[in-house]
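**Student:** Here it is: the structure, laid out below.
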Amino acid sequence: SASMEHHPMERSESGAPIHRYQAAEREFGPALGDSENIEEITRHIEEYIGPVKTVFHELISDIVHIEVHIVAPTPERNYYTLVTSGMSDKAMTPPAEYPVLKYSELMICLPPDWPMSSEEWKEHKNYWPVHMLKFLARFPHEYKTWLWSMHTLPHGDPPQPFAPDTNLCGMILLPPVTVRSEFQELKISDEKTIYFHALVPLHADEMDLKLKRGAEALFDGFNRNGVSELLKPGRPSSITPEPGSEPKKKGWWPFGS
């Protein structure tokens, strides 16, 4: 199989590299899940989040076999939690300075009224968060690269909204905030620790700010606006307009003038 074409490294204003990817030409490689890995991840989810209600299986898998484990809403955690397994079946290709950070899985949370049946998932506007979990779980293996906390990926170039009912058009990986911090690491063996990253969908201006000033520049606005891995498709941007500039959307904020 031909190797991925390498583009010259570009850097954003914050100094972080920008990667542009081109898929390797290769044969379809059917993949089976690592049952031991799946069991350990399931146990980990149940210990820190709650009972896994359903597992969304892939019938045919390419490169790695990705399953999506779904924890149903409860009064204490009133939202669905979706966690992948299978991304960590294979090692990613991290930079030389991070040789042990090879294994990841991803998670996202969906509102309690999110359409969750397989019939409803045939509609892209209901399925896109699941699609992104699976697409990004395969991404580092398909492109022989690395996905880690603080990495952002635009949805298209230029970025396009994920679905017609949202302006969100990119993803950032961050440590999950809806679970205890112990959930972030699962030690499988001395050679293998799996790290869990949350997917937080972004607006175009939030991605721009991250590229210009780094991920930390987003955190104040995230805290102020309650932005987390719990998806809110209609949420406004967390970036406060510059003094004197017109806010993009007027009237969304229920308090104050």
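The values are calculated or read from the model by the stated rules, or taken from the named source; none is laboratory data. Nothing here was measured: the structure is a model prediction, and the numbers come from that model. Don't worry about glycine lacking a Cβ; one is built from the backbone with ideal geometry, like all the others, and counts go over all protein chains shown. Ligands, DNA and RNA are stripped out before the accessible areas are found, and what is left, the full protein with its side chains, is counted by its heavy atoms. Shrake-Rupley method; radii C 1.70, N 1.55, O 1.52, S 1.80 Å.
**Student:** Report, by chain and number, residues whose modeled amide H sits under 5 Å from the one on L230, excluding near sequence neighbours (fewer than 5 apart, same chain).
**Tutor:** Result for L230 returns C109.
**Student:** In addition: Please work out how much accessible surface T54 shows to a 1.4 Å probe, ignoring ligands, DNA and RNA, in Å² rounded to 10.
**Tutor:** We get 60 Å² for T54.
**Student:** Another question, if that's okay. Would you work out what percent of the accessible area of the range 65-161, with all protein chains in place, is carbon or sulfur (probe 1.4 Å)? Show your work: numbers first, answer last.
**Tutor:** On the way: 2340 of 4160 Å².
Heavy-atom surface of the range 65-161 belonging to carbon and sulfur, 1.4 Å probe: 56 percent.
**Student:** With +1 on each Lys and Arg Cβ and -1 on each Asp and Glu Cβ, and nothing else charged, work out how big the dipole of the range 102-164 is about its Cα centre, in Debye to the nearest 20.
**Tutor:** Charge dipole, the range 102-164, about its Cα centre: 300 debye, nearest 20.
**Student:** List, in order, the whole-Hz ³J(HN,Hα) value for each residue of the range 49-58 obtained from phi through the Karplus relation with A = 6.51, B = -1.76, C = 1.60 and θ = phi - 60°; use x for Gly and Pro.
**Tutor:** Taking θ as phi minus 60°, the curve returns 10, x, x, 6, 6, 9, 10, 8, 8, 8 Hz for the range 49-58.
**Student:** My understanding is that a pair violates if its Cα-Cα distance is over 22 Å; which of K102/K144; K53/K144; K134/K232 do that in this structure?
**Tutor:** Correct reply: K53/K144.
**Student:** How large is the accessible surface per residue of the range 82-223, computed with a 1.4 Å probe and reported in Å² as a whole number?
**Tutor:** With the other protein chains kept in place, the range 82-223 gives 44 Å² per residue.
**Student:** Taking amide H positions as placed in the peptide plane 1.01 Å from N, state which residues far from Y80 in sequence (5 or more) or on other chains have amide H under 5 Å from it.
**Tutor:** For Y80, the qualifying residues are L110.
**Student:** Let me ask something else about it. Starting at the first residue of the range 37-47, write each ³J(HN,Hα) from the Karplus equation 6.51 cos²θ - 1.76 cosθ + 1.60 with θ = phi - 60°, in whole Hz, x for Gly and Pro.
**Tutor:** Result, rounded to whole Hz: 4, 4, 4, 4, 5, 4, 4, 5, 4, 5, 5.
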